[in-house]
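The values are calculated or read from the model by the stated rules, or taken from the named source; none is laboratory data. In this text the structure is predicted, and so the values were computed from the model without any measurement. Neighbour counts are summed over all protein chains in view; Cβ atoms, including those assigned to glycine, are modelled from backbone coordinates with ideal geometry.
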Amino acid sequence: MSKAEPGSPEDGPADPAAPAPTAAVPQDEAPQVESSPVRPAPIGTPQDEAPPAAGIPAPAGPPPGALRPDEQFPPAAPEPFDPWAPPGAAEAAALLAAGQAGPAVPPPAGWGAPPAGRTAPPAGWAPPATGWGAVTPGAVSGYQGMYAYPPRPTNGLAIGSLVTALTCMSPVALVLGVIALVQIHKRQERGRGMAVAGVVLAVLGLLLGALAVLGVASEDADGALPIRPAGPPGSVTWDKVAKGDCYNPAPGSGDAGRQVSWVTKVPCSLPHHSEAAGTAPIAAAEGGGYPGEDKILKTADTLCKPVFDSYVLDDWAVPDGVGLSYMYPTRGSWRASGGSLICVLEDVDVPHKGSLRTDRTTLTAAQLAYLEAVKPLNAAAEDIPEDEVADAPADYRAWAATMATATRQEGEKLAVIAWPEGAKAPGEAMVASKPAAVEAWHAVTTARDGADLTRALQRAKALLRDSVGEAKAVRAALGLSTGEHPGDLQV
């Protein structure tokens, strides 16, 4: 059986009022077909089915040269995806299938109109999905959104480490800083910079403390600091003062009445407060270390007395206000000082000019012989008892015996001096007065009662005062001080 043609009686009578359908194929792509109108086959009619069974009429197919629906309405080429464009039908269908479709929004006017020269597609037909519409539900997109992470907390131990390091608590700061670094690494916390700063400052503090301890230990062991500070310009450290040097305490060297670090040396002809008489060695502690300040102070007077006696043979040449003093080393200057005292003649209130030195290097033979002869009696006269005669008669009898011996020895020494021509007469007169003075002192020692003791003591003291005039005459003849300040010594 031949296929039925369009318009045949099998299709029923044609509706004379219905317009003939036209193809929607573009003019430049339309194939050459007959000019007679062609009805398109219904959409969805199978085109490549197997031939019908015998006795069953074959379904009417499209006429030769007719276009299939997918050829009549080819899908439009996908346009570049615009994420901000309103969703089309395919996107809406995909969202609806995924259960995410929102309320329907009508497209704007003219949206979805067919291009010029084409007819609208039949109902239910949609072009293949493109862009986001092609993503099936459950598919994973390669785009990942940005997530807001919570801020990391700052480690409290790191803060504590920095604070304790700044407050000089180095051991605590070091421990806190190390623990903080471990916690920060494990917990991914903030504060690493503070922890590192705390550890560094703590280590520096510990190093400085260790150096200070080593310095003190070195001072204790060696008796000297490794570096001595510099003094004012023109000054020297106190241990550089030698016998016969005149000096003044340097400004800023310390308490002039207690401690002197630096001194300024000056010629003895210029005003000065102090003059060094010499040095005396200090007995070191066991092992050669510093003996201690208390021990030095207890022995200083005894150590310096022979130094003063040999430097100042003429006590009358020492002006009023000048006293005996000394400079001694501290623990820090023990080794640098050589372990010695410096015995000093000093007037802290009034400066003096000239040297007080009257030793063997500055005296003539006659002057030296005279001073050595009278020195024992002058020393004995200074040891007079402090109590009243009635309260200590035994002490005065003992003192009188010492004075008698010293007076006798003085006369013997004066008698053998080779007096210069100008000093011979006063020298011989002084020698002649000594026997009477010796007898007076013996009378004190043999007094029978308190009244007799008092009368004998007054007579012996009167003779001693008279001998002062004799001594001034001899001194003037020998060129020694007569008790007044010499011309080169000014108060």
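Exactly one residue out of T402, T358 is within 19 Å of C268 (Cβ to Cβ) and of a type in the set (V, I, T): that is T358.
Which of the residues spanning the range 156-174 are in a helix (DSSP H, G or I) and under 12 Å from L201 (Cα atoms)?
Within the range 156-174, S161, L162, V163, T164, A165, L166, S170, P171, V172, A173, L174 qualify.
For the range 196-208, the criterion of being within 30 Å of E293 (Cα to Cα), at pLDDT below 85 and of a type in the set (A, V, I, L, M, F, W, C) is met by none of the residues. Checked against (1) part of a helix (DSSP H, G or I); (2) assigned by TED's automatic domain parsing to the domain that holds N248, G289 passes all but a single condition, namely (1). For the range 324-349, a residue qualifies if it is buried (at least 17 other Cβ atoms within 10 Å of the Cβ), charged (D, E, K, R) and more than 24 Å from Y290 (Cα to Cα), and the qualifying residues are E346, D347. Taking the listed residues A224, A242, A276, the one that is surrounded by 14 or more Cβ atoms within 10 Å (Cβ to Cβ), at pLDDT 90 or above and small (G, A, S) is A276, with no other qualifying. Candidates in the range 361-371 are the residues that are within 25 Å of H272 (Cβ to Cβ) and touching a residue at least 40 places away in the same chain (Cβ under 8 Å); of these, the one that is farthest from the chain's Cα centre (by Cα) is Q367. Sub-7 Å Cβ pairs linking a first residue in the range 466-484 that is at negative phi and assigned to a loop (DSSP other than H, G, I, E, B) to a second residue that is among the acidic types (D, E) and surrounded by 14 or more Cβ atoms within 10 Å (Cβ to Cβ), at least 6 apart or interchain, are L480/D314; S481/D314, ordered by first then second residue. The requirement of being modelled with pLDDT of 90 or more, surrounded by 13 or more Cβ atoms within 10 Å (Cβ to Cβ) and not in a loop (DSSP other than H, G, I, E, B) is fulfilled nowhere in the range 383-392; no residue meets it.
Restricting attention to the range 323-346, does a residue exist that is assigned to a loop (DSSP other than H, G, I, E, B), outside the structural domain of G411 (by TED's automatic domain parsing) and modelled with pLDDT of 90 or more? Reasoning before the result, please.
Taking the range 323-346 and keeping what is assigned to a loop (DSSP other than H, G, I, E, B), we get 328-332, 334-339.
From what's left, outside the structural domain of G411 (by TED's automatic domain parsing): 328-332, 334-339.
Retained after the next criterion (residues that are modelled with pLDDT of 90 or more): none.
Among the residues of the range 323-346, not one is assigned to a loop (DSSP other than H, G, I, E, B), outside the structural domain of G411 (by TED's automatic domain parsing) and modelled with pLDDT of 90 or more, which makes the answer no.
Of the residues that sit in the range 307-323 and are in contact with a strand residue (DSSP E or B) (Cβ under 8 Å, 6 or more places away or on another chain) and surrounded by fewer than 17 Cβ atoms within 10 Å (Cβ to Cβ), which one is nearest to I282 (Cα to Cα)?
By that ranking, first place goes to S310.
Of all residues in the range 176-195, those satisfying the criterion of being under 23 Å from the mean Cα position of the chain (by Cα) and surrounded by fewer than 17 Cβ atoms within 10 Å (Cβ to Cβ) are V178, R192, G193.
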